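What follows is calculated from the coordinates using simple rules that are stated; it is not laboratory data. In this text the structure is predicted, and so the values were computed from the model without any measurement. Cβ coordinates were reconstructed from backbone atoms using ideal geometry, including for glycine residues, and neighbour counts include every protein chain displayed.
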Amino acid sequence: MVVGDVTTGTDVLVIGGGPGGYVAAIRAAQLGRDVTVVEMDDYGGSCLNHGCIPSKALISVSGLAHRAGEAERMGVYAEPAVDMSAMVGWKDQIVNRLTKGVESLCERAGATLMTGRAEFAGDGEVRVVKAGDGQGSETVSFEHAIVATGSRPVEIPGFGFDGEHVLSSRDALALESVPDRLLIVGAGYIGMELATVFQKVGSDVTVIEQLDGVLPGYEADVTDVVHDRVESLGVDFHFQQTAREWEATDDGLLVWTDSEAEGRAEKRFEADRCLVAVGRQPVTDTLNLAAVDVETDERGFIETDDQARTSVDSVFAVGDVAGEPMLAHKAFAEGEVAAEVIAGEPAALDHQAIPAAVFTDPEIGTVGMTADEAAEAGFDPAVGEMPLRASGRALTLDEREGFVRIVADGETGFVLGGQIVGPEASELVAELALAVEMGATLEDVASTVHVHPTLSEAVHEAAKGARGASIHY
């Protein structure tokens, strides 16, 4: 303890007020624990302030503008004008409302909120360093701690974020004017979502990617649909290219790349701004984890079990800092589990039933196993698929590309997973996630009457198809 510190105590100390942290705090308070939350920035974390919510707001409004301008074949004639500053202002209003809502929810639950940076000072103790000159610090003793410090964008050598020439995703979501030429390094979900946004509002977007395709980790027939659509919007892709260096010019910047696959052949790209979106890394360097012997892996993520417990019994970790998948809804679930375990409840997290979504155009939604993964796990997979070109609702939305696929155990019919690419895939995947979580069978899904005409009928039809009883395809 530092001499002169004020010392307080709490049952549960939550470090970080993002999705995992604030949910853990609220749930622990509901279960009767005395809870203190320490946040060094904004409540809601990166997701609410600089990621999920602002990006989806801009995805929605850019999509609206694009569809209005491309709807002539449906009899709608419009030439929408885009005011990026107004779009960002609208987005900020949403963020501010939700941020205040998170603080209010924590306070109403009975949690004590503190502003500062928390670092472990020893077993059962953290030091909270207050922001600002002369603010000092405070020592908080705890029975249990939940680390929820989240993640930050990864920088690549030579491309440090400066907010002007080289942008992080956070910088890009705050731009108040549309860059004429935007170069994006990385074709993962962040790069692809923002490539779509900026192309739709008028940028000339180029994407360079070190690998040989977009959205690594998803099946090729899923990513092909997204790649083809985004390319049709005008985005220019260059694969197997590694960004090496850049320099500022009078009207922007030049970026040089090379390709190991092409014998280190060099390419040059001109742009007004360069967005680097090659992934995210855990924020653990502020915590002084060595003081409590909490173990991390080689990438810096805190290792946890299915109860969110770390290598130290009294310390838990949730959300991005606890590793892949780095999804806000996974953080929500982990936060609840950690709080319930601390309260003595028999809680645990089933990662197999956690869905994932990419908010590209069209969207991707997946959960559980693919057919190949099911076969590798020893199942005899039964697969049903419904193409959206056969869906009446998809056609009325002018969305023909994509499909719904369901994977089940051929012997028992239990649903093992599913993959969706198409409009509202992020919503549709919830039905498949529920099926995986509850141990539903193909018959359960196929026997459930779905509203017509809806996109959800494609899930119904895929389940029937996996049983060899497809009606509409």
Please sort through the DSSP H helices of the chain and keep those with an alpha-carbon extent of at least 18 Å along the long axis and a Kyte-Doolittle average not below 0.5. 52-69, 425-438
Just how far, in whole angstrom, is the stretch 38-112 from the stretch 410-473 if you go by their alpha carbon centroids? 31
Cα centroid distance between the stretch 249-270 and the stretch 140-157, in Å? 35
Return the distance in nm (one decimal) between the two label points of a simple spin-label model at VAL6 and ASP398, each offset 7 Å from Cα along Cα→Cβ. 5.9
Which percent, nearest 5, of DSSP beta bridges in the stretch 166-278 are antiparallel? 50
Rounded if a/c is under 1.5, else prolate if a/b is larger than b/c, else oblate: which is the stretch 336-437, with a ≥ b ≥ c the root eigenvalues of its Cα gyration tensor? oblate
Which loop-located GluC sites (Glu not before Pro) does the stretch 290-393 contain, where loop means any DSSP state but H, G, I, E or B and the Cβ has at most 10 other Cβ atoms within 10 Å? GLU298
ASP313 to LEU233: extension gain in nm, 0.36 nm per residue of separation minus the Cα-Cα distance? 23.7 nm
Prolate/oblate/rounded label for the chain (Cα gyration tensor, a/c 1.5): oblate
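Ignoring everything except DSSP H segments at least 4 long, calculate the 222 nm mean residue ellipticity for the chain; use -39,500 (n - 2.57) per segment, divide by total residues, nearest 500.
Value at 222 nm, helices only: -9500 deg cm²/dmol.
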Sorted by mean Cβ packing within 10 Å, highest first, what order do the peptides 462-469, 153-160 take? 462-469, 153-160
Sort the stretch 166-278 into rounded, prolate or oblate with this rule: let a ≥ b ≥ c be the square roots of the eigenvalues of the Cα gyration tensor; rounded if a/c is under 1.5, and if a/c is not under 1.5, prolate when a/b is larger than b/c, oblate otherwise. oblate
Once the other residues with Cβ under 11 Å from the Cβ of ALA57 are scored (Lys, Arg +1; Asp, Glu -1), what is the net sum? +1
Are there cysteines in the chain with no other Cys C-beta under 4.7 Å, and if so, which? CYS106, CYS274
Surrounding charge for ARG268, neighbours by C-beta under 12 angstrom, Lys/Arg +1, Asp/Glu -1, total -3
Output the pairs from LYS56/LYS100; LYS56/LYS267; LYS91/LYS267 with a Cα-Cα distance over 28 Å in this structure; if there are none, say none. LYS56/LYS267; LYS91/LYS267
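Could you rank the peptides 307-317, 223-233 by their average count of other C-beta atoms within 10 Å per residue, with the highest value first?
307-317, 223-233
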Just order 432-441, 408-417 by mean Cβ neighbour count inside 10 Å, highest at the front, would you? 408-417, 432-441
Within 10 Å, Cβ to Cβ, of VAL37, how many net charges do the neighbouring residues add up to if Lys/Arg are +1 and Asp/Glu are -1? -3
